[in-house]
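Following this message is one structure expressed as structure tokens.
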Amino acid sequence: MPIEQAYRARWVFPPESEPISDATMIVVDGILTDITTQHVPTAKDLGSAAILPGLVNAHVHLEFSSLSAPIAPPLPFTDWIRSVIRSRQTEDSRESSLLAGIQECLQTETTAVGEIATSPLSTKQLDDCSLAGVVFHEVIGISEQAAREKGNQLTDLLTEYRPQRDQMNLGLSPHAPYSVHPDLLQKIVQLSRSEHCPLAMHLAENRAERELIGSCEGEFRSFLEEIELWPGDVWQEFRTINDYLRLLAQADSALIVHGNDFQSNEIEFLATQSQMSVVYCPRTHAYFQHSQHPLPHLLNHDINVALGTDGRSSNPDLDLWQDARHVRQTFPDLSPREVINLATTNGVRALKLPSDGLTLGEQARWSVISVDRQSSESDPWHLLFA
């Protein structure tokens, strides 16, 4: 027999229409079949709450979820990387950290994630929970030898990391320009295209990254020399961020993570690539004391921008709603509706999820946000942030 469930809330926010007051959602066998204002006696009353399309954390490192505070110091950036390397975990501690991160995401109303995985454990744990999304296997290899070895392993890695559930897909994450040899990146892009595999790459994260690829100088060169991984000048054909964007544009789809340091010509190029998205990590951006993110310029160019928490190595928690609130405070000229889209439907598009969660006839997946019953705010969109 079909299993029917009903939920009533003060407000329901369908993605393609205006908010509906005192609405009830009908779900049959996990499929949203109706949103009605008629009284449904069997409905579970969620009280003074708003039902939104599911929150999507489009970029997260779950393996750092056992940290009680972000890793210090945030500056210089390579000192933070040194601290991250020193904090490497055992397999047992990584497993408990992943479980803690998954639980935190679920408790804070996240319904889908773009997980950056350094171990098949991520796939196993995500296969066992109700989160949807993509497991992006992280690929690192800056030396020519490492690039060859990792390039030869890519097809096997796709098998090793492939999730079993329909709601969880597989992607690849070439880490960053300072950690992935351009030859290896080209192989990853080719595989993405042939296997229809999405990519996620940290790019335009800070000025030091631009200095490295442009002139082979700066703090990244000193860092790579210190850890005996300086590859020489391997960036002859990749001197600019736009060079990387043009290559990533050849992938099946690509998430550009951070984009803190985008320049106008790079934004203009992204505007021509509908298969590419940018993931903005608001509180991580603030932790590293970057200048203001180019978010308004990206949106003005109709570029798809989603939100991510990043990991607890740079963020105090994995509560994506708090990152949405941070965006609302940092960019008050953005409408509440635009901010909600960043945290929900834009993430669906970035991760190529099959459903936004609140469209009739699709798999139901939503988030519940408390709203102040006593607030004098009459606009439901503003009420969400009151």
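Derivation of every value follows stated rules applied to the coordinates shown; laboratory data play no part. The shown structure was predicted, so the numbers you read here are calculated from the model rather than taken from an experiment. Here Cβ is always computed from backbone atoms with ideal geometry, including for glycine, and neighbour counts include all displayed protein chains.
Obtain the nm distance between the two label points defined at N242 and D166 by a simple spin-label model: each point lies 7 Å from its Cα along the Cα-to-C-beta direction.
Between N242 and D166, the simple spin-label model gives 4.4 nm.
Compare the peptides 251-262, 98-109, 158-169, 227-238 by average per-residue count of other Cβ atoms within 10 angstrom and give them in order, highest first.
Values: 251-262: 24.7, 98-109: 18.5, 158-169: 15.0, 227-238: 13.4.
Most protected by this proxy first, the peptides run 251-262, 98-109, 158-169, 227-238.
Oh, and also: Quick one: how many lysine pairs does the chain have with C-alpha atoms less than 28 Å apart and a gap of 8 or more or different chains? Give me the count, please. Can you show the working numbers first?
Numbers: K124/K150; K124/K187; K124/K352; K150/K187; K150/K352; K187/K352.
Lysine pairs meeting both conditions in the chain amount to 6.
Another one. In whole angstrom, how far apart do the alpha carbon centroids of region 123-177 and region 6-43 sit?
Cα centres, region 123-177 to region 6-43: 37 Å.
What is the distance, in nm, between label points placed 7 Å from the Cα along the Cα-to-Cβ direction at I85 and at H382?
That separation, rounded to one decimal, is 5.1 nm.
If you don't mind, there's one more thing I want to ask. Please arrange T24, T155 by how many other C-beta atoms lie within 10 Å of their C-beta, fewest to most.
T155, T24
Only Cα pairs under 8 Å and at least 6 apart count here; give the relative contact order of the chain as a rounded whole percent. Could you put the intermediate results ahead of the total?
Working: 784 pairs, mean separation 81.7, N = 386.
Relative contact order of the chain: 21 percent.
Distance in nm between label sites at D317 and Q145, each 7 Å beyond Cα in the beta-carbon direction?
The answer from the label model is 4.6 nm.
How big is the equivalent ellipsoid of region 1-133 along its three axes, where each semi-axis is √(5λ) from the Cα gyration tensor, reported in whole Å from largest to smallest?
Details: eigenvalues 304, 60, 27 Å².
Rounded to whole Å, the semi-axes are 39, 17, 12.
Using P(r) over Cα pairs in 20 Å bins from 0, in percent as the read-out, say which of (1) 27, 49, 22, 1; (2) 28, 57, 14, 1; (3) 25, 43, 26, 5, 0 was calculated from these coordinates.
Given (1) 27, 49, 22, 1; (2) 28, 57, 14, 1; (3) 25, 43, 26, 5, 0, the calculated one carries the label (2).
Ok, one more. Given R₀ = 22 Å, FRET efficiency for D128-D29 by Cβ-Cβ distance, to 0.05? Mind dumping the intermediate values first?
Working: r = 21 Å, r/R0 = 0.97.
The formula returns an efficiency of 0.55 here.
How long is the gain from S96 to D333 if the chain were fully straight, where each residue apart is worth 0.36 nm and the alpha carbon distance is subtracted? Intermediate values should be presented prior to the final figure.
On the way: separation 237, 0.36 × 237 = 85.32 nm, distance 4.07 nm.
In short, 81.3 nm is gained.
Relative to the present Cα-Cα distance, how much length would full extension add between N300 and S66 at 0.36 nm per residue of separation?
Details: separation 234, 0.36 × 234 = 84.24 nm, distance 3.76 nm.
Full extension from N300 to S66 adds 80.5 nm.
Explain nothing, just compute: Karplus ³J(HN,Hα) = 6.51 cos²θ - 1.76 cosθ + 1.60, θ = phi - 60°, for every residue of region 192-206 in order, whole Hz, x for Gly and Pro.
In residue order, the calculated couplings are 4, 5, 6, 9, 6, 10, x, 10, 9, 9, 5, 8, 6, 7, 7 Hz.
Continuing with this model, one more query. I'd like to know how region 115-273 sits against the 2.2 N^0.38 Å rule of thumb: what's its Cα Rg over that expected value?
Numbers: Rg = 15.8 Å, N = 159, 2.2 N^0.38 = 15.1 Å.
Here the answer is 1.05, to two decimals.
Sorted from fewest to most neighbouring beta carbons within 10 Å, what does the list I188, I3 look like?
Working: I188 24, I3 8.
The most exposed by this proxy come first: I3, I188.
Sort 328-336, 36-44, 342-350, 120-128 by the packing proxy (mean of other Cβ within 10 Å over each peptide's residues), most packed first.
On the way: 328-336: 13.8, 36-44: 11.6, 342-350: 26.3, 120-128: 18.7.
Peptide ranking by packing, descending: 342-350, 120-128, 328-336, 36-44.
For every helix of n ≥ 4 consecutive DSSP H residues, a contribution of -39,500 (n - 2.57) applies; sum these over the chain, divide by its total residues, and give [θ] at 222 nm rounded to the nearest 500 deg cm²/dmol.
Helix contribution divided over all residues of the chain: -10500 deg cm²/dmol.
Also: Quick check on region 55-351: of the DSSP beta bridges with both residues there, what percent are antiparallel, nearest 5%? Walk me through the numbers before you get to the answer.
Numbers: 0 of 32 bridges.
Taking every DSSP beta bridge with both residues in region 55-351, the antiparallel ones total about 0 percent.
Order by neighbour count: W366, W381, fewest other Cβ atoms within 10 Å first, most last. Walk me through the numbers on the way to the answer.
Details: W366 23, W381 18.
Arranged by neighbour count, lowest to highest, W366, W381 become W381, W366.
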